[in-house]
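In what follows, a structure is listed as structure tokens, so that the remarks can point back to it.
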Protein chains: 4
Amino acid sequence: MNLDVGVIGATGMVGQRFISLLTDHPWFNLTALAASERSAGKKYSEAANWVLDTEMPESVRDIEVVETQPGFEADIIFSALPSNIAREVEPKFAEQGYTVASNASAYRMAEDVPLLIPEVNPEHIDLIDIQRENRGWDGAIITNPNCSSIILTLPVTPIAREFGIKNLRVATLQAVSGAGYTGVPSMAIVDNVIPYIGGEEDKVETEIQKMLGDLQNGEIKHKDFKIKATCNRVPVIDGHLENLWIELEEKPELEEIKKTMNNFQGEPQKLDLPTAPKQPVIVREENDRPQSRLDRNKQKGMAVTAGRIRGDEEIQMTILGHNTIRGAAGASILNAELLAKKQKI
Amino acid sequence: MNLDVGVIGATGMVGQRFISLLTDHPWFNLTALAASERSAGKKYSEAANWVLDTEMPESVRDIEVVETQPGFEADIIFSALPSNIAREVEPKFAEQGYTVASNASAYRMAEDVPLLIPEVNPEHIDLIDIQRENRGWDGAIITNPNCSSIILTLPVTPIAREFGIKNLRVATLQAVSGAGYTGVPSMAIVDNVIPYIGGEEDKVETEIQKMLGDLQNGEIKHKDFKIKATCNRVPVIDGHLENLWIELEEKPELEEIKKTMNNFQGEPQKLDLPTAPKQPVIVREENDRPQSRLDRNKQKGMAVTAGRIRGDEEIQMTILGHNTIRGAAGASILNAELLAKKQKI
Amino acid sequence: MNLDVGVIGATGMVGQRFISLLTDHPWFNLTALAASERSAGKKYSEAANWVLDTEMPESVRDIEVVETQPGFEADIIFSALPSNIAREVEPKFAEQGYTVASNASAYRMAEDVPLLIPEVNPEHIDLIDIQRENRGWDGAIITNPNCSSIILTLPVTPIAREFGIKNLRVATLQAVSGAGYTGVPSMAIVDNVIPYIGGEEDKVETEIQKMLGDLQNGEIKHKDFKIKATCNRVPVIDGHLENLWIELEEKPELEEIKKTMNNFQGEPQKLDLPTAPKQPVIVREENDRPQSRLDRNKQKGMAVTAGRIRGDEEIQMTILGHNTIRGAAGASILNAELLAKKQKI
Amino acid sequence: MNLDVGVIGATGMVGQRFISLLTDHPWFNLTALAASERSAGKKYSEAANWVLDTEMPESVRDIEVVETQPGFEADIIFSALPSNIAREVEPKFAEQGYTVASNASAYRMAEDVPLLIPEVNPEHIDLIDIQRENRGWDGAIITNPNCSSIILTLPVTPIAREFGIKNLRVATLQAVSGAGYTGVPSMAIVDNVIPYIGGEEDKVETEIQKMLGDLQNGEIKHKDFKIKATCNRVPVIDGHLENLWIELEEKPELEEIKKTMNNFQGEPQKLDLPTAPKQPVIVREENDRPQSRLDRNKQKGMAVTAGRIRGDEEIQMTILGHNTIRGAAGASILNAELLAKKQKI
């Protein structure tokens, strides 16, 4: 497999994560970097203020940044655009035949756009055919969920399938990187917790329903259970931690639940996709795990760690994942890998 | 009113909060400071490593620290002892006629010991008579709840009374001061969240039941509703923030709930006790409040702030209080003020 | 004394500090709040995102914000404007007869503008007469130094006077509030140190020379000694800490140096100005003081704390002050108090 | 090369760094882990509270921890002991024929013990022969300097050699990991700077003199120049940042200085030792580098990054290194690699 790929919104923090994860990718050849007019025409090393704690890859330093519009060569476009810009720009790319793997929220809930976690609902990629027909596109848009939704959906999916979920409550303790590089001023968060993240609770409460839904006759019937989320911002760089209360339809032993989570495997593992974690959900037995700093990088940041599993009729647990890898750039790349393998590009 | 008071466990962080709040107290005259053998005989200024961001009060610098055993003159003893030591020592004081207002957990759940929040269950002080009879003491032990329990119980009490509570879920985001000065190493919490606090969830799940219970025929009949707590430690100095999901028996309008909370008044307000906050529960309308750093010092740290009140059949909200003032030293002092006013000392 | 005062740049963080310190001021009556066009016409409570950990004073909530141009009634204008805007706007106010007490850097180094710390160079206010003559103004501009410069100059002044300074090296560890509310993203500073603050080292290296200079024949002859500064940003909310190496002309005993600093008094103390700290420089003997969080609020944030004084031919010490009180808003207010008392307004 | 090695003090944080760096080492085979009596007899996975953000290596989980005394098989012992215990225990191992590569300070300044940075003073290993003769040992003790000293000495060495140093002033901004896992309570450092680290300044001011000294007739003649250090603790997990003022004997161009630092190579590079960084000192041109979080892991944590190089007669710069890798465990391992290669074991 050998595909040319580009990143739009390449200078921001998620854009940098895309670049970092795509460097030395076995299938994807990163050839195009697009950003705002202000950056276009500059070398990437001049246009971007690199903020990751690994160095900017040598291979992208001299790439000339182009404007965010169709015209450059690429089979797949990874979109790290803000949602309002994504809404306008992504369809233009899809129309011109590009496959857009988007981290933006703009089209996540559109009826004919797959909202995809390859371990969870790989069959939803069939929506692409309907999308193309509907919209007359040669390309397509596929999306990954909000960071908190992905981290929630991965461990919840095997539980939902095995034991049924009636009701879910979740409190999130989210890292500052989730808001982008300048999103959270230090004055706002040092020695503090902010009990609100605009729009986040709504995404957490609705996206999982679509992903766990069945694709029937070209439509996704959303799964029907209630979620009530509360989202907090905490002084942590990377890693979203979530406390869950899950009311189950059945009453399994805790050991069964743990086993179900530890053994959860999906298409990415079966197909051995390059970015797939060997074990997507890791259950820890220690009382004090998962912790944000200690567990966010498990399996190169692509696994979700779960711990403190307890309860009986209602199960409680705490989960954690890396919000800009599994929850953003890594998620889009895994989506694209699935499409490539399934010859949907 | 003019009573001599002492602090046992005077050199630790809660001990320092006691001293800080008792300096210039209109009724209580701080005369005795007790600590471990190692400190006994030294001046307080030499024995204590003062860690508050206000200076050590001049009036205590030269007080000679005594050992933690009966013998010094005081009407009331404030106990900032660790629970295992409190278990042994507090009864000795009570036996010798001292009134012990304890922040320790050792006797909180004892049947004949009041677990008191003066706004919530002032009538429980009548247990003291039974306690004295049972144990043959001249003095008595009264306790205040765990910091997270107090902060939870204050805003929940008016709701429980007006609308009934069936079920309560709570996620806490707790400050490091709750573990004592050396309790949480910086290596453990900088850029991190710890999803576990030993013993805390059990306290949160049981103490409120006792406080909301009725005292009948000398016994407290614990209130019967379910609580499921998850306790997290976050990188914040002071202030415990809690996310609540409350299933009510009735379905009030949100405005009714807010009004009930804002208008909540109890004995401390009626009796105008010196440490009583004018408004024990403050409802904020802004989306992003309460915040730990911005709201922990409201009403000298004695008020709980509530915000983000939403929902219908199930109410969600976020609350915040100062864990070492309203949640510890200030709580014990308010208890003692109530006893003094009610002539129970 | 009773003067009407206004704040320009009133919605920002330093503007909020001005408001907080001017509420209940015994001489100054806060009547006007000016901000950008976007805020003009709104109530202050709607225009400002209040970020201090005390509440917005009731008395300003309903004041209608005006645009930042002459026209409103006030004897003194406190300027919390960014330097580039201050450069244009402040002269317009001075021309119209207002006395502008500015925290901006725009005119600090102008030859006919006093750069003032009332304890250090109160006689420099005589420059106002020259300024008025030069520029044909009825009003005037007076400035206070950069936050790091003030905190440095206060303890260094008595040493320079008594023992002479040949050479000064300083490393600053500066709080994030120094950059304004959105100045330092949390992504940039959590678990990090930034070894650079734009323009800061130059200010620290030149402003003190002007303040310690002599006013002769209407001109300030800058003091001649060398300073080499390095400025770092650290994850602290408020409080700039500075490590000093001072080569002296004389070789005093350490005790003499401490005594000189502890006893330092200036015009604000003699005149008992309302915002004056009783003791502008406080020497601590403990090894581990001053600390940012513990010492920044000494004397309502108007005192500088010094500690770790050691050395012989070259003296080392560490100093600390509150950067937005003594280093900004409080500094401007003390300047205005001096002018008012000296009848220069 | 194939040598059996052990770690004493294996359960602490530096011990964990040793284990992490020794796993999969091409020459050293980690066979023994020693700790206090309390841990002896347990599996390592039960004895140690693993705190690094990588997982405990599988290969050590089942190793049975032994007591810290000679008796187990190993050619080299890496010592992560506290200094007071090291003082007693390390000689016992050396007497029994073990080579002790120690991170403890106990014997650093002993006349016949090499204080070694392999890039700086590899010839000092010849002291081992004198040490053996003096003390009648079959084994030996070699030491690495204090973390702040190593990070300082690496970039300063090429400058000292090329241009001569008259005088050096250094302010350190040190990470909390330098004090061990429980060394700095979170209450002490969140939103704070502590301006003092016990014993640290003395080490920084004396160790470099020994390392830059000449070994003549079996004695090290310490280099003679003055250092004045101030050491601060900041809220950072890993990475010590240092601000330097260096008075040179010559007046080189800044470009010459940078080139000298960038080109600095020593024995570890020439001998291609397994743990040697390819470039021990990396000069950055950006204004705002080095930063603690972004640069501490350069070259697997074994390189020191320097930036902000400026000045003329006196040079200023800021440097940064990883305190528990280059400044502790990695330093000891590199020392042992040098000895092994030079057949001194």
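Contact order, relative form, for the stretch D:157-255: 51 percent (alpha carbon pairs under 8 Å, 6 or more residues apart, mean separation divided by residue count).
Dipole magnitude of the protein assembly as shown about its Cα centre, charges +1 at Lys/Arg Cβ and -1 at Asp/Glu Cβ only, in debye to the nearest 20?
Dipole of the protein assembly as shown, to the nearest 20 debye: 0 debye.
Consider a paramagnetic label point 7 Å from the Cα of B:E250 along Cα→Cβ; state which residues of the stretch B:280-315 have an amide N under 18 Å from it. What the label zone holds, given the 18 Å backbone N cut-off, is B:310-315. Legend: helices of chain A (whole DSSP H runs) are marked when their alpha-carbon atoms reach 20 angstrom or more along the helix axis and their mean Kyte-Doolittle hydropathy is at least 0.0; marked are A:147-163. Projecting label points 7 angstrom from Cα along Cα→Cβ for A:E313 and B:E46 puts them 6.2 nm apart. Taking the 1.4 Å solvent-accessible surface of the stretch B:166-312 as the whole, the part contributed by carbon and sulfur is 41%.
Using the Cβ-Cβ distance between C:K166 and A:K342 with R0 set to 60 Å, the FRET efficiency from 1/(1 + (r/R0)^6) comes to roughly 0.20. Within a straight-line Cα-Cα reach of under 16 Å, D:K203 can be paired with the following lysines, leaving aside sequence neighbours fewer than 8 residues apart in one chain: D:K223, D:K226, D:K228.
Charge dipole of the stretch A:147-323 (Cα centre as origin; +1 on each Lys and Arg Cβ, -1 on each Asp and Glu Cβ, all else neutral): 440 debye, rounded to the nearest 20. Annotation: per residue accessible area for the protein assembly as shown equals 36 Å², rounded to a whole number [probe 1.4 Å, protein chains only]. Take D:R310, move 7 Å from Cα toward the beta carbon, and the resulting point lies 2.9, 4.7, 5.4 nm from the same point in each other copy, nearest first. Sparsely packed loop sites in the stretch C:237-327 (the trypsin sites (Lys or Arg not before Pro) outside DSSP H, G, I, E and B with at most 12 other Cβ atoms within 10 Å) comprise C:K278.
Remark: mean inter-chain Cβ contacts per residue of C:235-242 equal 6, using a 10 Å Cβ-Cβ cutoff to other protein chain atoms.
Of C:G164, C:G97, C:G183, the residue with the greatest mean-square motion in the GNM of chain C, using alpha carbon springs below 10 Å, is C:G183.
Could you tell me which of rounded, prolate or oblate describes the stretch B:153-277, using a ≥ b ≥ c as the square roots of the eigenvalues of the alpha-carbon gyration tensor, with rounded for a/c under 1.5 and, failing that, prolate when a/b is larger than b/c and oblate otherwise? The shape class here is prolate.
Of the GluC sites (Glu not before Pro) in the stretch A:1-97, the ones in a loop by DSSP (not H, G, I, E or B) with at most 10 other beta carbons within 10 Å are A:E37, A:E73.
Averaged over the residues of peptide B:310-316, the number of Cβ atoms from other protein chains lying within 10 Å of each residue's Cβ is 2. Between this copy and the others, label points of C:R38 are 1.4, 5.5, 5.6 nm apart in ascending order, each placed 7 angstrom from Cα in the Cβ direction.
Computed from the C-beta positions of B:K278 and A:D214 and an R0 of 51 Å, the FRET efficiency is 0.35 to the nearest 0.05. Projecting the Cα atoms of D:I208, D:I159, D:P185 onto the charge dipole of the stretch D:147-322 (Cβ charges, centred on the Cα centre) puts D:P185 farthest toward the positive pole. Candidates A:P268, A:N217, A:V281 compared by Cα position along the dipole of the stretch A:215-345: farthest toward the positive end lies A:P268, with charges placed on Cβ.
For the stretch C:76-180, the square roots of the Cα gyration tensor eigenvalues, ordered a ≥ b ≥ c, give a/c of at least 1.5 with a/b no greater than b/c, which places it in the oblate category.
Label positions at D:T23 and D:R132, each projected 7 Å from the Cα along the C-beta direction, are separated by 3.4 nm. With label points defined 7 Å past Cα in the direction of Cβ, position C:G97 shows copy-to-copy spacings of 7.5, 7.6, 9.9 nm, given to one decimal and shortest first. Set the Förster radius R0 to 51 Å, insert the Cβ-Cβ distance between D:K223 and B:D202 as r into 1/(1 + (r/R0)^6), and round the FRET efficiency to 0.05. For D:K223 and B:D202, the calculated efficiency is 0.25. Residues considered: C:A80, C:A328, C:A32. Largest GNM mean-square fluctuation over chain C, using C-alpha springs under 10 Å, is found at C:A32. Of the trypsin sites (Lys or Arg not before Pro) in the stretch C:67-118, not one is in a loop by DSSP (not H, G, I, E or B) with at most 13 other beta carbons within 10 Å. Chain B residue nearest the axis that carries B onto D, by Cβ, with distance in whole Å, is B:S186, 2. Taking Cα centre as origin and charging only the Cβ of basic (Lys, Arg, +1) and acidic (Asp, Glu, -1) residues, the dipole magnitude of chain C rounds to 480 debye.
Association of chains D and B removes close to 1400 square angstrom of accessible area from solvent, both sides included, for a probe radius of 1.4 Å. Build a GNM of chain A with springs between Cα atoms under 10 Å apart, and of A:I227, A:I237, A:I117 the one that fluctuates most is A:I237.
Once a ≥ b ≥ c are taken as the square roots of the eigenvalues of the Cα gyration tensor of the stretch D:1-139, is the result rounded (a/c under 1.5), prolate (a/b larger than b/c) or oblate (a/b not larger than b/c)? The shape class here is prolate.
The values are calculated or read from the model by the stated rules, or taken from the named source; none is laboratory data. Predicted model, so just to flag it, every value in this text is computed and none were measured. Reconstructed Cβ throughout: ideal geometry from the backbone, glycine too, with neighbour counts over all protein chains shown. Heavy atoms of the whole protein, side chains included, go into the accessibility calculation; ligands, DNA and RNA do not. Shrake-Rupley method; radii C 1.70, N 1.55, O 1.52, S 1.80 Å.
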